[in-house]
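Asks: Let me give you the structure first, and then I'll get to my questions.
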Amino acid sequence: MGRTRKAYAPEFRRRMVELVRAGRSPESLAKEFEPSANAIRIWAQQADRDEGRRSDGLTTPEREELRRLRRELRQVKMEREILAKATAWFARETGSIPSRGSDS
């Protein structure tokens, strides 16, 4: 099970980023508001990536695409496994391939 985190509204996150850019420290914002200083720092870094100010990671759209592709890959692998099992079962049932462990 993954950890559950409180989801903050995008506007709230944007405001925190604006305050950091205006010179407020993430630590002072964390004392005044609920998110941790680290969360605020991460939001500011991600906003910088999304706006092209940083190039040391994935932008939000790239992260979303990666998440979608990983989910799709899991689905395809599961479908492939099901098809492989079904193919083996049908081959045994129709006698196309002798079943393992049988001498006939």
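Asks: Roughly how tilted is helix 10-21, in degrees to the nearest 10 and between 0 and 90, from the longest Cα axis of the chain?
Replies: Computed tilt is about 50 degrees.
Asks: Still on this structure, I have one more. Which of the listed residues, 20, 82, 61, is farthest toward the dipole's positive end in the chain, when Lys, Arg count +1 and Asp, Glu count -1 at the beta-carbon?
Replies: 20
Asks: Let me have the relative contact order for the chain, percent, based on Cα pairs under 8 Å that are six or more residues apart. Working shown, then result.
Replies: Values: 38 pairs, mean separation 13.3, N = 104.
Relative contact order of the chain: 13 percent.
Asks: Follow-up question, since we're still on this one. With axes computed from alpha carbons, what is the tilt in degrees of helix 60-94 against the longest principal axis of the chain, rounded to the nearest 10 within 0 to 90?
Replies: Roughly 10 degrees between the two axes.
Asks: At 0.36 nm per residue, and after removing the present C-alpha to C-alpha distance, how many nm does the segment from residue 88 to residue 42 gain when stretched out fully?
Replies: Numbers: separation 46, 0.36 × 46 = 16.56 nm, distance 4.91 nm.
That works out to 11.7 nm of additional length.
Asks: Given the Cα-Cα distance of residue 66 and residue 78 and 0.36 nm per residue of separation, how much length would full extension add, in nm? Mind dumping the intermediate values first?
Replies: Values: separation 12, 0.36 × 12 = 4.32 nm, distance 1.84 nm.
The residue 66-residue 78 span can extend by a further 2.5 nm.
Asks: Another one. So what is the diffusion coefficient of region 8-57 in µm² per second by Stokes-Einstein at 10 °C and 1.306 mPa s, using a Kirkwood Rh over Cα pairs? The partial results should precede the final answer.
Replies: Details: Rh = 10.8 Å.
Taking Rh from Cα pairs, D becomes 147 µm²/s.
Asks: Report the dimensions of the chain along its three principal axes from the alpha-carbon atoms, largest first, rounded to Å.
Replies: Principal axes ranked by extent give 80, 29, 20 Å for the Cα atoms.
Asks: Next up: Please arrange 82, 40 by how many other C-beta atoms lie within 10 Å of their C-beta, fewest to most. Walk me through the numbers on the way to the answer.
Replies: Numbers: 82 10, 40 24.
By the 10 Å Cβ count, ascending: 82, 40.
Every number in this text was worked out from the coordinates using simple rules, so none of it is lab data. Owing to the predicted nature of the structure, the values given are computational and were not obtained by experimental measurement. Here the Cβ is made from the backbone with ideal geometry for all residues, glycine too, and neighbour counts use every protein chain on show.
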